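Below you'll find the structure, written out as structure tokens, and then a few comments.
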Amino acid sequence: MQTDTRRALITGITGQDGSYLTEWLLGRGYEVHGMVRRSSSPCLGRLAHLTPESLGVGGRVTLHAGDMGDAGGLARLVQEVAPHEVYNLAAQSHVGVSFDQPTYTADVNAVGALRLIEAIRGGQDAIGRQIRFYQASSSELFGRVSESPQTESTPFHPRSPYGVAKLYAHWITVNSRESGWLHGSCGILFNHESPRRGEAFVTRKITRAVARISLGLQKKLSLGNLDALRDWGYAPDYVEAMWLMLQQDDPDDYVIATGETRSVREFCEKAFGRLGLDYREFIECDPRLFRPAEVDLLCGSPTKARERLGWKPRMTFDGLVATMVDADLELARRESDCGGVFSDGT
Ligand code: NAP
Ligand code: F7E
């Protein structure tokens, strides 16, 4: 039976962005399908608040087993779901880890994207209509920046195996589009954070520590480079931009950023300050947390996104820090009440 319901397939649905994008799409009446990789202890924490009805068979979120390393599985999944839109959010997304696991990072982030694009190519032939594709590109493509702010035409110079792998995924999407058969758009997203951010990323590592230190659950926080500058936005604002890109008749690439840049040190100052603490009393420098090659400065221009998509960031930097610290304070209170280390599974 044919219905007008739009179907979206999300790889990386269990991640920060996947969970917010799922909420956004459900709010617009989509049927959402998510690919989840097999693990001995599945982690669906970020999706748990979606009702049992929506996670069940009759609901509007359906989870499918799959992996970016498995070309055949991706092909079958695309044909089974027959999506109107595919969002490729799956990745080994930690830049620091990519220096230790460069081959794995390339397989998932670069060749994985190609496998998915090939699956879409076959899927379009089988289904007999176009599938719109979103690729999660990254400000890490700019790496050692040659101008500031960075725009869609700033040259790329990645500084990590992560950035290099994402560059391949970006260009294979552009190439498939220019070859005339893929409605593919790349979102060059700058860092975006939230209470659902993975705990190994610097903002969340800081807000989690601030909350725990304030309750006496932790004494110190070890960090690496405090001088790195990042353009930090709010993840729920950014998933909106992903969706807007796929609503355009003409696929294209867009920088999604706030246009403001802050150092890791400033983030610490604000986050500790939120709970009346002085960050200088708690931070220890750990040389092992410095990267072999660093991205010193990122600051993006969202002008094209504003003009063509009507998108702009809503959350301020101060609001972002406060939101994350307050959420982690709640988590730390529960941890304190339970008398043990608590994690929200991010
Ligand atoms: P995230 O929280 O780390 O989520 C990554 C997702 O990818 C998780 O669902 C993870 O599944 C899945 N995944 C990892 N390896 C996989 C594999 N081999 N097969 C299938 N799924 C796999 O990342 P995020 O912050 O939501 O970011 C979403 C995407 O945007 C990523 O591609 C990231 O590189 C990119 N990006 C992020 C930012 C940012 O600031 N957040 C900025 C620019 C671009 P598990 O739950 O099983 O680990
Ligand atoms: O590091 C410095 C670190 O790991 C930010 C990913 O979502 O955004 C993210 O990549 C900065 C770096 O994010 C620690 O050296 C200091 O300069 O939070 P991060 P990232 O590397 O910018 C981009 C856009 C993505 O695409 C990625 O997927 O903070 N830093 N001390 C530290 N970083 C970490 N993780 N841990 C520290 O202890």
Review point. For the chain, with every protein chain kept in place, what is the accessible area per residue (1.4 Å probe, Å²)?
Key: 44
Practice item. Apply 1/(1 + (r/R0)^6) to the Cβ-Cβ distance of K312 and S146, taking R0 = 22 Å, and write down the FRET efficiency to the nearest 0.05. Key: 0.30
Check your understanding: Relative to the first principal axis of the alpha-carbon coordinates of the chain, what is the inclination of helix 235-246, with its axis defined by its Cα atoms, in degrees from 0 to 90 and to the nearest 10?
Key -> 20
Practice item. Give, as a single signed number, the net charge of other residues whose beta carbon lies under 12 Å from the beta carbon of S160, with Lys and Arg counted +1 and Asp and Glu -1. Key: +1
Exercise for review: Please give the FRET efficiency for R288 paired with A82, using the beta carbon to beta carbon distance and R0 = 45 Å, rounded to the nearest 0.05.
Suggested key: 0.45
Practice item. Please get the size of the charge dipole for the range 193-346, origin at its Cα centre, with Cβ charges of +1 on Lys and Arg and -1 on Asp and Glu, quoted in debye to the nearest 20. Key: 420
Check your understanding: For the range 85-196, what Kirkwood radius comes out of the mean inverse Cα-Cα distance, in Å?
Key -> 14.6
Check your understanding: What's the Kirkwood radius of the range 220-298 in Å, using all Cα pairs?
Key -> 15.1
Point to revise | Neighbour net charge for R38 - beta-carbon separation under 13 angstrom, K R +1, D E -1 | key: -1
Study note, to complete from the structure: Farthest towards the positive end of the dipole of the range 90-170, among S137, V97, L116 and with Cβ unit charges of +1 on Lys and Arg and -1 on Asp and Glu, lies the Cα of L116
Point to revise | lysines with Cα under 23 Å of K166, excluding same-chain neighbours fewer than 8 positions away | key: K304
Review point. Within the accessible area of the range 1-149, what % is carbon and sulfur when the probe is 1.4 Å and the other protein chains stay in place?
Key: 50
**Study point:** Charged-residue dipole, Cβ positions (Lys, Arg, Asp, Glu), the chain about Cα centre, Debye nearest 20
**Key:** 340
Point to revise | Crossing angle, helix 16-27 versus the chain [Cα axis fit, 0-90 degrees, rounded to tens] | key: 50
**Study point:** Anchor K219: lysines whose Cα lies under 20 Å away (excluding residues fewer than 8 positions away in-chain)
**Key:** K205, K270
Point to revise | the chain - Rg (one decimal) and Dmax (whole number), Cα, Å | key: 20.0, 64
**Study point:** In degrees, nearest ten, helix 71-81 long axis to first principal axis of the chain (Cα)
**Key:** 70
Review point. Where both partners of a DSSP beta bridge lie in the chain, what percent of those bridges are antiparallel, to the nearest 5?
Key: 5
Point to revise | Centre separation in Å (Cα based) which lies between the range 121-152 and the range 179-216 | key: 19
Check your understanding: Around R115, with a cut-off of 10 angstrom between Cβ atoms, what is the net charge of the other residues, counting Lys and Arg +1 and Asp and Glu -1?
Key -> -4
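The values are calculated or read from the model by the stated rules, or taken from the named source; none is laboratory data. Only a predicted model underlies this, so the values are computations on that prediction, with no experimental measurement involved. In this analysis, Cβ positions are derived from the backbone assuming ideal geometry, glycine residues included, and neighbour counts consider all displayed protein chains. Remember, those area values only see protein heavy atoms, side chains included, never the ligands or the DNA or RNA. Shrake-Rupley method; radii C 1.70, N 1.55, O 1.52, S 1.80 Å.
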